[in-house]
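J.: Attaching a single structure in structure tokens format; questions to follow.
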Amino acid sequence: MLDFHLAEMYQVETRVLKQAVRRNTERFPDDFMFELTKAEATDLISIGVSQYVIPPDYNFGVSMPFVFTEQGVSMLSTFLKSKTAIQMKILIMRAFVRLRELTTGYSELKRQLEEYQVNTTMQIAEILDIINEMAAKQNALYKPPTTVAGFKIKK
């Protein structure tokens, strides 16, 4: 997401958001946030979608727009002071907790399925052993015929 969209969402000025990011650069590695180049920003405006991507009245000034990944959006909510940012952080934390609960439930289900698979595999192995034993007994009882079945042609 672009910085001015996040500023709007968090109900802070874009200038305030950028200041907060610059004061906390160690919290934003490259996979959390990056700054657009002048060429990239110009391209966004020139492709005809500026009303959706970059507002026409956006003043680039000295600094280019920041672009945030989902991790960067989450990180922003940890130190912006607006009520919206605080609420966003609470929602993010709840989402992570819920995700962990779902993952834990999945792990338990996986464990149960593996246990069932082991039990089922053991049961199938036992059944195969019984069948093999019965086949071995049948083979022991089997006596091949002493005469060959079929027609004999006399010469």
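The values are calculated or read from the model by the stated rules, or taken from the named source; none is laboratory data. Just so it is clear, the structure is predicted and the values come from calculations on it, not from any experiment. Cβ atoms come from the backbone with ideal geometry, glycine included; neighbour counts cover every protein chain shown.
J.: Looking only at region 12-44, which residues are over 15 Å from F79 (Cβ atoms) and surrounded by fewer than 16 Cβ atoms within 10 Å (Cβ to Cβ)?
T.: Answer for region 12-44, where residues must be over 15 Å from F79 (Cβ atoms) and surrounded by fewer than 16 Cβ atoms within 10 Å (Cβ to Cβ): E13, R15, P29, D30, D31, E35, T37, K38, A39, E40, T42, D43.
J.: Right, another one. What tally of residues in region 26-38 results from selecting those that are in a helix (DSSP H, G or I) and at pLDDT 85 or above?
T.: Adding up the residues that qualify gives 2.
J.: Quick one: T69 ticks every box in (1) among the hydroxyl-bearing types (S, T, Y); (2) over 26 Å from the mean Cα position of the chain (by Cα); (3) at pLDDT 85 or above except a single one, so which number is it?
T.: Condition (2) is where T69 drops out.
J.: Got a number for residues in region 75-84 being modelled with pLDDT under 85, assigned to a helix (DSSP H, G or I) and either of a type in the set (S, T, N, Q) or surrounded by 19 or more Cβ atoms within 10 Å (Cβ to Cβ) (or both)?
T.: Count: 3.
J.: Pick from G105, G48, G61, G150: which is part of a helix (DSSP H, G or I), modelled with pLDDT under 80 and on the phi > 0 side of the Ramachandran plot?
T.: G48
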